[in-house]
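Let me begin by presenting the structure, written as structure tokens, before commenting on it.
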Amino acid sequence: MPALAATRLRTVTATEAGAAVVARHRWLDRRDLAPVADAWAARTPSPAVRDAARRLGRGYLRLALALWPGDLAGAFAPGSAPPRPLVAGAIGAVAGLDALQVALLVGYDDVQTIASAALKLTPLDPATTTRWVLDLHPAVAQMAASVAHLTDPDDIPSAGAPMTDAWAQAHAGTTRRLFHG
């Protein structure tokens, strides 16, 4: 699991963090976020990953609009499902986070998601997965520092992770549940 998280930090998470940082930068100036959405989608080839990001983004947006309704007015079309990194970036802008903090937020969110899923899938001690997250701090910090300066959608990282995309596509089509509630 730590190797998976480290790989994601260099690939898909860097793309998401870069998109969030650029979205934050653009929303500070109340500029259109559509170019960021397009750049993110072009770097996210898996329809399953894009769909999941939009479902998560819709949830983030619902909460954000309840907390900062005036500050996010016009950021996203009513009823839309923007991808999570764009919403995270816009939230970062209105919450007063700087670009590095937004990138760190995205990085830690991804790493803790993997750690949390591992606890559901395997019989692990929570201290083990907490150690993974702590041990990944240098990789999270390095990824965040590598994207914190971005301001242009064209500069969002595009390192691919073909196996991650393939796994996401396969998972989207399976009827077998991984988690039972």
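Taken together, the values in this text are just the output of simple stated rules run on the coordinates, not laboratory data. As the structure is a prediction and not an experimental result, all values here were calculated from the model.
Among PRO157, PRO85, PRO45, the largest mean-square fluctuation in a Gaussian network model of the chain, built with springs joining Cα atoms closer than 10 Å, belongs to PRO45.
When only alpha carbons are used to place a centre, the stretch 1-30 and the stretch 70-113 end up 10 Å from one another. Build a GNM of the chain with springs between Cα atoms under 10 Å apart, and of ALA66, ALA19, ALA81 the one that fluctuates most is ALA66.
So what is log10(I(q)/I(0)) for the stretch 1-92 at q = 0.17, 0.25 1/Å, when the Debye sum runs over its Cα atoms only? Log10 of I(q)/I(0), two decimals: -0.68, -1.31.
Within the listed set LEU56, LEU121, LEU86, the Gaussian network model of the chain (springs between alpha-carbon atoms below 10 Å) gives the highest mean-square fluctuation for LEU121.
The calculated pair-distance distribution of the stretch 72-131 uses every alpha carbon pair, bins of 10 angstrom beginning at 0, and gives 19, 36, 27, 16, 2 percent.
Using 5 Å bins from zero, what percent of all Cα-Cα pairs in the chain falls into each bin? Result returned by the calculation: 1, 9, 17, 20, 20, 16, 10, 5, 1, 0.
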